[in-house]
Structures are given as structure tokens and as C-alpha cells.
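First the structure, in the form of C-alpha cells, and then the observations on it.
Nothing in this text is a laboratory measurement; each read-out follows from the coordinates by a stated rule. The structure displayed is predicted, hence computed values, not measured ones. Here the Cβ is made from the backbone with ideal geometry for all residues, glycine too, and neighbour counts use every protein chain on show.
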Amino acid sequence: MKNLCRALRMALRYRWSITISIAASILVALMWGANLGAVYPFVEVVLNNRTLSDWAEDRIDDADRRMEAMESRAAAIALEIPQADDARRQALQRELRSVDSEREIYRLRAESCRTWLPTIQRWTPNDPFQTLTLIVAALLIATFLKSVFLMINMVLIARVGQRTILDLQNEVFRNVLRMELSEVGVKGTGDLINRIRGETNAIGGAVIHLYGKTLREPLKMAACLVGAAWINWRLTVFSLLICPAAIVLLVMLARAIKRANRRAMEESAKLVNRLYQALTYLRVVKAFTMESHEQQRFQSVAQDVYGRAMKISFYTSLARINNELLGVSIIGLAVLAGGYLVINQETHLLGIRLSAAPMSFGEVIVFFAFLCGVADPLRKMGDFFGTLQTGMVAADRVFPLIDQQPAVTGPQPGVQLPEGPPSIEFSDIWFGYEPERPVLRGVNFRVAAGSSLAVIGPNGCGKSTLINLLLRFFDPVQGQVLVGGHDVRELALDQWRGRLGFVTQLTMLFNETVENNVKYGSPAASVAEVQAAARRAQAHEFIAELQDGYQTDIGEHGGKLSGGQRQRLALARAILRNPSVLILDEATSQIDPHSEAAIHQAMKQFIKGRTTIMITHRLSTLELADQIMVMDGGQVVDIGTHEDLLHRCPAYRQLRDSEMKGMAA
């Protein structure tokens, strides 16, 4: 409940909408009670072929007669008391107090009617049918006003709920973007999507429910209970005796619904994960004819989700049944007790005083109408606990994402690097994605400012991990990554990454136009600058042949382009950024030899005056580097020029020979 309360406090940002909606709820409740109260003049006046003036005058006469009878009875009791024994005297004294109380009720009734009689005579019709017309007109006006206020309430609460959903989604997405890559991998993309989209909607639904129906319907109940209590508060209290047992059952159901909702959301996240993976790797699924396997896995998880949903529906239906029975029980008790009092013109039931004075037929009918008015909001509140528990579970899954602080953070404002390319140094770096399995073991090397370094080695030797540490996707367990002589942890993250150009083997493109993909990271670039970067990356020629040129949508993950075309767009993006540090991770692995040669020719000029690190397996790429570093087993084997390594490094010669054999094959 704590996290859901945080969402409710977030909604208070829109306090004016909430305030106006609450005022509208109060007016809806008043109109609801007024509509039910219209039963009284209809039963007491219209059905007896009287006007309101006739009814008021008759009510005064009846009260006067009853007062006279009560006075006579009181006088008789007063004469009898002195002669009675102790037991009889006590009974007579109790009866006298009851008679005095009833006489006071009739006195107040007569006085009230005399006060209102001139107004009634002046403003109400003198014809029974015209009186009926007035009552119907008042009922229509009250219903119209109630509907208007209800609409205002629902629209404003919907605005509050939807704005809260939007705020939550923005907060969660902002924090997810700050999370470490390892955290995203552990939680799963589908789970995160489910929390950002599905579970924030569940929280918003609870906010709408709590500030809307949960506030509005109890107010309507309160208006009806006040009306019923105004007629007979003792009978109202008696009718509510069944409530405590129903509340206990609701609390038990609420706990069960919360447990079921928690499991349902976990299963739903698994379902989204399964769906996301299957669609993302659809080519692999089709290539290996695994459609039926994926269908079975999806069906298994979907079946679990279905089971959880049915359990929630069962508990929710029990809550609704409980509310329905509660409403009917309240009315049933009132009918039995009220019917007995009216039929027998009594004030007591089983020795319990339930009425100060005998109730009239009209009063009982209106009393029942008010209790029926309580039952309808109770019925509408049937899904309250289900929605509330769903919102609570969703809030418990969403707010930890908002609260989670990234392990990799940068100081603000941080050390300011001078303009120009910085030097890069790895000093005694130890790192492992799992603490017990180090990937880098005491790595030491330095790249001079404005120079280039190619990194080669077998798969799994830690080449890409170097890049992850340089970009500060992770921090080393031991050692320092120095940039311009400063520990990279002393730099502001956004400023440091803003000076980088990064191209990976796994090309990352968005489902947007060619131009927007090239401009990603350089949104202020002009069309001419975009085209110049594309020409340097040998991409302009194929872009010009696309249906809409630079305005062509390239599909999800750039699926409308070949692998080489995607890599050239990613390279153009890095070139357009004009970085002082350029990182190429197998950046031309999918490009044909002819295009690669042209790209290398352009890159020779581009990397001048930039600190460049290239991870590659291709011998042709090594020609761009001032130095070559050989890695194996998470350690630096050797660093030097191509000629130096050929003479002194067996591992380098072995890698070169393997590459040449692969080219020959």
C-alpha cells in the first residue's frame, strides 16, 4: 500500500482537477439523495390525491391530535405513579419518558410544518396533478444536474489518472535508460516493457478508481444513510448490524486477490518476454523450423497467465457477491423491522426501541428507498478490492525501478577535459561480469592522444569488454581507466560520452528514416552535413537509390537494408558526430571488400587528429592503426607495429596466418 500511496501523492500534482471532481462527487451524492427523497411527496401527497398544502395542513392537524393524546396519557401516568409499588413505578416512569419524547417529536413536526406552510402555499400548485407535474419536473432537473456533475467528475478523474500514468511511464523509462546493461539483461526486456506499459496502467486504474468511484459511491451511500437516519436513525443502525461480518470477509478476499495479482503480473511479464524474443529472432525461428516449439512455449506461459486471471476473476466475483448480499441483507433487516413497526404501530421490537414514534406508511417507503439507494453504490463498489489490489501489486513492481540508483554514475559537473583528442590508458584493470569469473586480468596499455590502436585476439579474450569499460557501461573491479590523465569516473557521463563516436558489429538502427538514423546523436546537423557523412561512409550511393532517398523508413532494426548497408549507416552516424574519440568494434565486418577499401581510404583521413580504438579480425583494418595490441585470455600479450609483432609475437603470427587462410578459402 505504501507504493500505491506514492502514486496517489503523485496524482496530487493535479490538485485542482481532484478538488473540482470531489466537489462534483458531493453534488452527485446530494442529487442522488434528493431523487430518492422525491418518493416521499409522491407517496404521501400525490397517491392520496392531495396537494402539498393539503399534506402540510393534515400533518399539522395529525401532530396536534397526537400531542393531545400524548398529553392525556402523560397526565394519567403522572396520577398513577404515586400509588404504584417500586417495580410498577419504575415502569411507569420509563413509559412517561417515552411519551414525553414522542410528544416532543410531534411538537417539532407541527412547528416545522407551520413554518413552511406559507412558503408551500405561495409557491406550489393547488391541484394534485399539477403537484405531480412539479415533482416530476424537479426529478428531471435533479437527474440532469446529477448527470452533468457525474460527467465532470469522471472526465477530471480520468485526466488525473492518465496524467499520473504518463508521469509514471516517463519516470520509469528515464530510470531504465540510466540502468546498467547488466540490469536490463537480468530483468529482461519484456519484463521492463510490461512494467512501463502494463503495470503503470494498472496503477493509473487504481488512482482513477480511488479518486473517482471509491470517493463518489461512498458519498452517495452517505447521502442515503443520512436520509434514512433523518427518518429513523435507530432503525438505520439496526439495519447495518450485518456490516461487520461482510467487512471481515472483504478483508480476507483482498489479501487473496493481492497474492493472485502478484503472481499474475509475474507470469504476464514472462509472457511478454517470450513474445518479444520470438518476434525479435523470428528469422532464426523460421530458419531452424522452430515455429511449433515457440508456439508451445508461448502457449504454456499463456496458459499460466490465463489460470491466474481466472483465479483473480473468481475472488473478484466473490467480493461482488459479498457486496450484493450485504445490500440485500441491509434492506431485508429494514423491511422486517420496519414492516413490524408500521403494521403494529409499535416503537419497540424485541424490547429494543427502534422508533421514537410510530412510523407512517410513507416514512417507511422512503426509508426503504434510501436503503435501496445504499445498495446500488455497494454493488458498483464490487470491483473495488480487485482494482485496489492490482494497483498495489503493480506499484510494488514499478516504484523499485523508479527508486533504483544506477551503480555507474558520474559527478556533476565533473572534470572538464581540454578540447582535442585525449590520451587513453588502462592501468592494472581487473573486471568480470560475474565476480568469480574475471574477463580482464591486469590489463595495462596506453593510447597516445590523436593516435590509433587496433586490438586483435581470439573470441572471448576481452576485446569488447575494454570498450564497455571505456564507455562506462561498467566500472572495473580493480584499476583505473584514465582519459587525458583523469580517471574516467571523475568525468561527467553525458559530457564524456558526448565526445565519443561508436560503431559496433551488431548494428543498432531505429525504425525511422535514413536521415534520422544518421542524425541520431547529432540532431542539429543539416541535410548537407548528413549527406557528407554518408559519402565518407560510402553510403550515399545506395541511399540515393532507395525509394524516398534519405526519407526512406528502414524498418525495425534496419530490416529493409542489407548487413553492409546497415553498417555503413552506423559508420556515417559516428562520422557525423565528429568525435574526439572514435571506437570501431568490427565496424566493417559485413561490408564487401570493394566498399571496405573505399571506406578505409576515407577513414585514414578521418581518424587523423582523433584518438581511435579499433577491434578487428581483418588484416586490412590493421593498416589504419599506429599500433596493434594482441590479447588472449583477458591479458595483453604484446603491443607494437605490424613489423614488430611479426618478428617477436607468435600469437600475432598465428592470428595473421589464420586470417590469411580464411581469405584464401
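For the stretch 143-149, in order, what is each residue's ³J(HN,Hα) by Karplus, 6.51 cos²θ - 1.76 cosθ + 1.60 with θ = phi - 60°, in whole Hz (x at glycine and Pro)?
Going residue by residue, I get 5, 4, 5, 4, 5, 5, 5 Hz, with x marking Gly and Pro.
By count of other Cβ within 10 Å, fewest leading, how are I429, I402, I231 ordered?
Least to most surrounded, the residues fall as I402, I231, I429.
According to the square roots a ≥ b ≥ c of the eigenvalues of the Cα gyration tensor, what is the shape class of the stretch 1-131, taking rounded for a/c under 1.5, prolate for a/b larger than b/c otherwise, and oblate for the remainder?
oblate
Along the stretch 546-555, what does the Karplus equation 6.51 cos²θ - 1.76 cosθ + 1.60 (θ = phi - 60°) give for ³J(HN,Hα), rounded to whole Hz, x for Gly and Pro?
Result, ordered by residue: 5, 4, 10, x, 6, 9, 6, 6, 9, x Hz.
Please list the non-local residues whose amide H lies under 5 Å from the amide H of L354, H modeled 1.01 Å from N, same-chain partners needing a gap of 5 or more.
H348, L349
Given the stretch 424-664, what percent of its DSSP beta bridges are antiparallel, to the nearest 5?
Working: 20 of 37 bridges.
Antiparallel bridges make up about 55 percent of those DSSP assigns within the stretch 424-664.
In whole Hz and in residue order, list the ³J(HN,Hα) couplings for the stretch 623-628 that follow from phi through the Karplus curve 6.51 cos²θ - 1.76 cosθ + 1.60, θ = phi - 60°; x for Gly and Pro.
For the stretch 623-628, the Karplus-derived couplings read 5, 7, 8, 6, 9, 10 Hz, x marking Gly and Pro.
So for the chain: antiparallel DSSP bridges make up what percent, rounded to the nearest 5?
Approximately 55 percent, going by the DSSP bridge assignments.
Hey, can you rank 624-635, 442-453, 407-418 by average C-beta count inside 10 Å, highest first?
The most tightly packed comes first, giving 624-635, 442-453, 407-418.
Could you tell me the largest-minus-smallest coordinate of the C-alpha atoms of the stretch 484-530 on each of the three principal axes, in descending order and whole angstroms?
Rounded to whole Å, the extents work out to 39, 26, 14 Å.
How big is the shadow of the Cα convex hull of the stretch 411-524, averaged over all directions, in nm²?
Computing the convex hull of the Cα atoms and averaging its projections yields 8.9 nm².
Leaving out same-chain residues fewer than 8 places away, which aspartates and glutamates sit with a Cα under 15 Å from that of K213?
D376, D383
A492's amide H: which non-local residues (gap 5+, or another chain) put their own amide H closer than 5 Å, with H modeled 1.01 Å from N in plane and none for Pro or chain starts?
Close amide H contacts, sequence-distant or interchain: V415.
Over the stretch 424-664, one equal point on each Cα, no solvent: what is log10 I(q)/I(0) by the Debye formula at q = 0.11, 0.12 Å⁻¹?
One equal scatterer on each Cα of the stretch 424-664 leads to -0.59, -0.70.
Rounded, prolate or oblate: pick one for the stretch 91-154, where a ≥ b ≥ c are the square roots of the eigenvalues of its C-alpha gyration tensor, a/c under 1.5 means rounded, and failing that, prolate if a/b is larger than b/c, else oblate. Display every interim value, and only then the final one.
Values: a/c = 3.80, a/b = 1.81, b/c = 2.10.
Oblate.
Is the stretch 541-634 best put as rounded, prolate or oblate by its Cα gyration tensor, with a ≥ b ≥ c the root eigenvalues, rounded for a/c under 1.5, and otherwise prolate when a/b is larger than b/c, oblate when not?
prolate
Long-range amide H contacts for V637: which residues qualify at under 5 Å (H placed 1.01 Å from N, peptide plane, sequence gap of 5 or more or a different chain)?
Amide H neighbours of V637: V630, M631, D632.
Fewest first, what order do C5, C461 take by the number of other Cβ atoms within 10 Å? Don't skip to the answer; put the middle values down first.
Values: C5 12, C461 21.
Listed from fewest to most nearby Cβ atoms, that is C5, C461.
With contacts defined as alpha carbon pairs under 8 Å and 6 or more residues apart, what's the relative contact order of the chain in percent?
Worked out over the chain, it gives 14 percent.
If we count other beta carbons within 10 Å of each Cβ, what is the order of I352, I81, fewest first? Walk me through the intermediate numbers first.
Numbers: I352 10, I81 16.
Listed from fewest to most nearby Cβ atoms, that is I352, I81.
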